[in-house]
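Nothing in this text is a laboratory measurement; each read-out follows from the coordinates by a stated rule. Note that this is a predicted model, so its numbers are computed, not measured. Cβ coordinates were reconstructed from backbone atoms using ideal geometry, including for glycine residues, and neighbour counts include every protein chain displayed.
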Amino acid sequence: MKKHNNAGSAAETISPIANTDIVYPSTIPFILAHISLVAIFWTGISWWSFGLAVLFYVVRMWGVTAGYHRYFSHRTFRTGRVRQFLLAVLAQSSAQRGALWWAAKHRAHHKYSDTPLDPHSPVHRGFWYSHLGWIFARGANDADYSTVSDLTKFPELVWLNKHDYFIAFALGAAVWWFGGWEGLVAGYMLSTVLLFHGTFMINSLAHVMGSKRYVTGDDSRNNWALAIITLGEGWHNNHHHFQSSTRQGFRWYEYDATFYVLKAMSWVGLVWDLKSPPREVVRGETRLRGVVVEKVAQQLAQTFSIEKISAEIREAWDQSITLEEIADRANDAYAQAQAYLDDLQMPQLPTLEELQQRAMEMYSTSASMDDIIARAREIILEGVSFELFDDTGLMPA
Ligand SMILES: [Zn+2]
Ligand SMILES: [Zn+2]
């Protein structure tokens, strides 16, 4: 019976929100990594250790974006089994946990983008939670490994995922052995901490600041500054629009260093099957998936007040027509009553033009905009008819 009020129910239909309590002891190593940087005042930072920091940042950021993200999470290109393992080793040298954990969490992010089930949505849990709080939430160590069964079939990846910080520690120890304390602190720790925040900004800032070229149903943005910091990951709205593309900078001027390196690697056969977005996808001419249309229509419908519209209708009808009459005339059937309502001229309901106007203010253009608007009007009408008939006892079971 509760067909009503689809608006706002996306959250309820998905299942309860995961526990978001922060487990504070688990933040200690992360905090210590930041505090360790104070040691730079003693060790100093010279040209060689600064150069080492830049090198470690750039190479490992590439490991994060090409490895964790474009390969393990989205499988946007292919490579051999040994190189796949080396990609995981390089990614995990960034100390951002196991490649399988990272991919499982990231697939959940795309599946539930900016809904309450998104592991890190700034829209629902606030900026700092999406930036780093989520990593220390209760249960954050667990991931739904059933969503990465294409990766868990490789025992070497499972082993590496289990010993998730091993590579990062081994690298740190090697740097200390060869470069002493200055190498460890100014070269290795500094770049590791900057790498944390560079990566995390895609989860936080890239869903808050920037432009939305495509209607994606979430708050992903394109942000050129983030694209520089993250070697091409800043074109995050592009990426949410078409996730299976290796290339995230869709236009020639959208700098995407990760892709350039992968492209060069493909010329010598190290990787292959790189994917680019089809022309219609870049132009935003393809129709959106049904779930995206539904999500956007819900958002659009929510910007109108069902209560206010219903109150206005009720007031207008007080003088002319009773709700009982309407229900009777619609043959007691809720669906028919609704169809009848649709036929009735109700100036209180937003017109298609009004919805179109509102949608134009809220979103960029999309080939599916007519579907979104029609669906949003349907949602509002459903909500209003529930509101009107609920009190009369005329609602069908
Ligand atoms: Zn992604
Ligand atoms: Zn995202």
*Beyond 25 Å between alpha-carbons counts as too far, so tell me which of LYS212/LYS308; LYS105/LYS275; LYS162/LYS263; LYS263/LYS295 fall in that bin.*
LYS212/LYS308; LYS162/LYS263; LYS263/LYS295
*Rounded to whole Hz, the Karplus (6.51, -1.76, 1.60) HN-Hα couplings of the stretch 298-313, x for glycine and proline*: 4, 4, 5, 4, 5, 7, 9, 8, 4, 4, 5, 4, 5, 4, 5, 5
*On a C-alpha basis, how far is the centre of the stretch 224-285 from the centre of the stretch 47-116 in Å? Whole number, if you could?*
15
*Hey, with R₀ at 51 Å, roughly what FRET efficiency would TYR165 and ARG251 work out to, going by the Cβ-Cβ distance, to 0.05?*
0.85
*Using θ = phi - 60° and Karplus 6.51 cos²θ - 1.76 cosθ + 1.60, couplings along the stretch 59-74 (whole Hz; Gly, Pro as x)*: 5, 6, 5, 4, x, 5, 7, 6, x, 3, 8, 6, 8, 5, 6, 10
*Rounded, prolate or oblate: pick one for the stretch 200-296, where a ≥ b ≥ c are the square roots of the eigenvalues of its C-alpha gyration tensor, a/c under 1.5 means rounded, and failing that, prolate if a/b is larger than b/c, else oblate.*
oblate
_Can you tell me the length gained on complete extension of the stretch ARG78 to GLU324, counting 0.36 nm per residue apart and subtracting the Cα distance?_
82.2 nm
_I need the calculated FRET efficiency for the pair HIS197 and TRP47, taking r as the beta carbon distance and R₀ as 35 Å, to the nearest 0.05._
0.90
*Out of residues 5 or more away from TRP235 or on other chains, whose amide H comes under 5 Å of its own, with H placed 1.01 Å from N in the peptide plane?*
ASN223
_Over the chain: Rg over Rh, Cα atoms, Kirkwood Rh_ = 1.09
*Using a Förster distance of 25 angstrom, determine the FRET efficiency expected from the C-beta separation of ASP150 and VAL261, and round it to 0.05.*
0.60
_Computed label-point distance, nm, for sites TRP181 and THR27 using a 7 Å Cα→Cβ extension_ = 2.8
*Would you order TYR71, TYR24, TYR260, TYR57 from fewest to most other beta-carbon atoms within 10 Å of each residue's own beta-carbon?*
TYR24, TYR260, TYR57, TYR71
*Tell me, what HN-Hα J-couplings in whole Hz come from the Karplus equation 6.51 cos²θ - 1.76 cosθ + 1.60 at θ = phi - 60° for each residue of the stretch 377-386, using x for Gly and Pro?*
5, 4, 5, 5, 5, 4, x, 5, 5, 4
*Amide H contacts of VAL271 (H built 1.01 Å from N, under 5 Å, at least 5 apart or other chain)*: SER266
